[in-house]
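The values are calculated or read from the model by the stated rules, or taken from the named source; none is laboratory data. The model shown is predicted, which means the values in this text are computed figures rather than measured ones. Backbone-built Cβ (ideal geometry, glycine too); neighbour counts: all protein chains shown.
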Amino acid sequence: MALLHPRSFFYFALSLGILIFSMALNSFAAGSCSGLHQPGALRWQGSLSQQVKVILISAPSGGGKTTLMQKLVNEYPLDFQFSVSTTTRAPRAGEINGKDYHFSTMEKFQEMVEKNQFVEWAQVHNNFYGTSKKTVQDILNSGKSAVLLVDIQGAENIRQQLPGQTLSLFIVPPSMQILEQRLRARGTDSEQVIQNRLKNAREELKHQSKFDGVIVNDQLEQAYQDLKKTLHQISDNYLNSTLSIRKISSPAGLMTVTSSPSVLPSKALATGDFQEIFP
């Protein structure tokens with residue numbers, strides 16, 4: 001059997017090495033474009049996630065805000081992250097602690113209020129809900145925009161404390177009749193609770209003009225496309241305006257805002273201010 005000449009072997013080995021290096025480089029480039037550790041992850045095509053750091057989504061109970069938020073976060077996991085709220089209400093069927101909510105006892109919730117650990121908290125339908133400062137800050141530190149599901153009270157308070165620094169959306173049902181059907185379809189609430197939610201919904205709908213955008217959630221997929229379109233439009237308006245969009249800094253700089261009556265200790269009221277850093 002004929003042996004390769006040393007010089008021929010050298011060129012063969014060199015060519016093989018170049019080929020292997022080229023294949024590895026192409027593979028790395030493909031991985032970078034699709035998002036490492038998240039194959040195929042899409043990136044938000046726009047300026048929103050670089051400019052607006054806190055997105056507020058509100059809706060009457062049964063309006064579909066959670067479903068729409070999940071679709072946004074699932075499609076763009078590299079740009080948006082859901083800020084999991086803390087609540088004293090009992091879990092519904094299928095809800096997972098730490099994913100849907102941080103379920104808390106009343107005692108633990110009150111302790112967090114006393115320690116000023118919430119950005120905002122409020123009493124809604126006889127239960128308490130709060131947005132943890134640490135949860136929001138961890139999201140911002142990761143370079144993503146934090147998506148907060150808050151009630152009308154919480155959204156209004158945060159907007160007042162951060163003028164020009166948040167983007168707020170209000171999700172509305174196509175009609176009160178359909179909203180009632182959705183609430184009854186849950187099968188988790190008593191008649192009294194359902195009537196109370198409907199009463200509150202009528203009041204909440206009066207405040208939709210205070211939000212940056214309003215989405216009618218009739219057909220889910222159409223509502224989701226409308227949500228993304230609205231986000232793009234609002235973010236473009238932000239960039240074309242004179243508003244200076246800033247991000248929240250450290251937890252110590254966050255302000256606690258609350259619209260609840262003095263059911264919990266008075267020290268739960270605002271004790272500081274949101275600290276603004278570089279635009």
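Quick check on this structure: which one of LYS53, LYS108 is crowded, with 17+ Cβ neighbours inside 10 Å, modelled with pLDDT of 60 or more and basic (Lys, Arg)? I'd like the intermediate steps shown before the answer.
Numbers: LYS108 fails: crowded, with 17+ Cβ neighbours inside 10 Å.
Going through LYS53, LYS108 in turn, the sole match is LYS53.
State whether the residues of the stretch 158-168 include one that is assigned to a loop (DSSP other than H, G, I, E, B) and closer than 25 Å to ARG92 by Cβ.
Initial filter on the stretch 158-168 (assigned to a loop (DSSP other than H, G, I, E, B)): 162-165.
Then keep just the ones that are closer than 25 Å to ARG92 by Cβ; that gives none.
There is no residue in the stretch 158-168 that is assigned to a loop (DSSP other than H, G, I, E, B) and closer than 25 Å to ARG92 by Cβ.
Any idea which residue in the stretch 114-127 is nearest to GLU203 (Cα to Cα), counting only those that are out of contact with any Lys or Arg (no Cβ under 8 Å at 6 or more places or on another chain) and at pLDDT 90 or above? Step through it out loud before you land on a result.
Restricting attention to the stretch 114-127, the residues satisfying the condition of being out of contact with any Lys or Arg (no Cβ under 8 Å at 6 or more places or on another chain) are 115, 120-124, 126.
Filter once more, so that each one left must be at pLDDT 90 or above: 115, 121.
On the way: LYS115: 32, TRP121: 19 Å.
Looking at the filtered set, the residue picked out is TRP121.
Does any residue of the stretch 114-135 turn out to be under 15 Å from ILE57 (Cα atoms), among the basic types (Lys, Arg) and surrounded by 19 or more Cβ atoms within 10 Å (Cβ to Cβ)?
no
Can you find a residue that is under 13 Å from the mean Cα position of the chain (by Cα) and in a loop (DSSP other than H, G, I, E, B) anywhere in the stretch 126-133?
no
Could you tell me whether LEU148 is buried (at least 22 other Cβ atoms within 10 Å of the Cβ), outside any helix (DSSP H, G or I) and of a type in the set (A, V, I, L, M)?
Working: buried (at least 22 other Cβ atoms within 10 Å of the Cβ): yes; outside any helix (DSSP H, G or I): yes; of a type in the set (A, V, I, L, M): yes.
Yes; evaluated as a whole, the condition is true for this residue.
It is to be established whether one or more residues within the stretch 188-199 are closer than 29 Å to VAL136 by Cβ, in a helix (DSSP H, G or I) and in contact with a Ser or Thr (Cβ under 6 Å, 6 or more places away or on another chain). Can you show your working first?
From the stretch 188-199, those closer than 29 Å to VAL136 by Cβ are 188, 197; that's our starting set.
Still in the list and also in a helix (DSSP H, G or I): 197.
Adding the requirement that they be in contact with a Ser or Thr (Cβ under 6 Å, 6 or more places away or on another chain) leaves 197.
Within the stretch 188-199 (the criterion being closer than 29 Å to VAL136 by Cβ, in a helix (DSSP H, G or I) and in contact with a Ser or Thr (Cβ under 6 Å, 6 or more places away or on another chain)), the answer is yes, since at least one residue qualifies.
If I filter the stretch 215-243 down to residues being among the aliphatic types (A, V, I, L, M) and buried (at least 17 other Cβ atoms within 10 Å of the Cβ), which single residue comes out as modelled with the lowest pLDDT?
First pass over the stretch 215-243, keeping only residues among the aliphatic types (A, V, I, L, M): 215-216, 220, 223, 227, 231, 234, 239, 243.
Those still in the list that are buried (at least 17 other Cβ atoms within 10 Å of the Cβ) too: 215, 223, 227, 231, 234.
On the way: ILE215: 94, ALA223: 94, LEU227: 92, LEU231: 85, ILE234: 76.
Within the stretch 215-243, the match that is modelled with the lowest pLDDT is ILE234.
Listed residues LEU179, LEU140; which is part of a helix (DSSP H, G or I), under 12 Å from SER61 (Cβ atoms) and either of a type in the set (A, V, I, L, M, F, W, C) or touching a strand residue (DSSP E or B) at 6+ places or on another chain (Cβ under 9 Å) (or both)?
Working: LEU140 fails: under 12 Å from SER61 (Cβ atoms).
The conditions single out LEU179.
Out of (1) over 25 Å from GLU204 (Cα atoms); (2) of a type outside the set (A, V, I, L, M); (3) surrounded by 15 or more Cβ atoms within 10 Å (Cβ to Cβ); (4) touching a residue at least 60 places away in the same chain (Cβ under 8 Å), what's the single condition that is false for PHE82?
It fails just one condition, (1).
If HIS102 satisfies all but one of (1) over 17 Å from ILE55 (Cα atoms); (2) in a strand (DSSP E or B); (3) modelled with pLDDT under 95, what's the number of the condition it fails?
Every condition holds for HIS102 apart from (3).
From the list ALA122, ALA155, which residue is touching a residue at least 60 places away in the same chain (Cβ under 8 Å), farther than 14 Å from LYS53 by Cα and assigned to a strand (DSSP E or B)?
Details: ALA155 fails: assigned to a strand (DSSP E or B).
It is ALA122.
What number of residues in the stretch 205-233 are in contact with a helix residue (DSSP H, G or I) (Cβ under 9 Å, 6 or more places away or on another chain), within 17 Å of ILE55 (Cβ to Cβ) and of a type in the set (Asp, Glu)?
Residues flagged as in contact with a helix residue (DSSP H, G or I) (Cβ under 9 Å, 6 or more places away or on another chain), within 17 Å of ILE55 (Cβ to Cβ) and of a type in the set (Asp, Glu) within the stretch 205-233 amount to 1.
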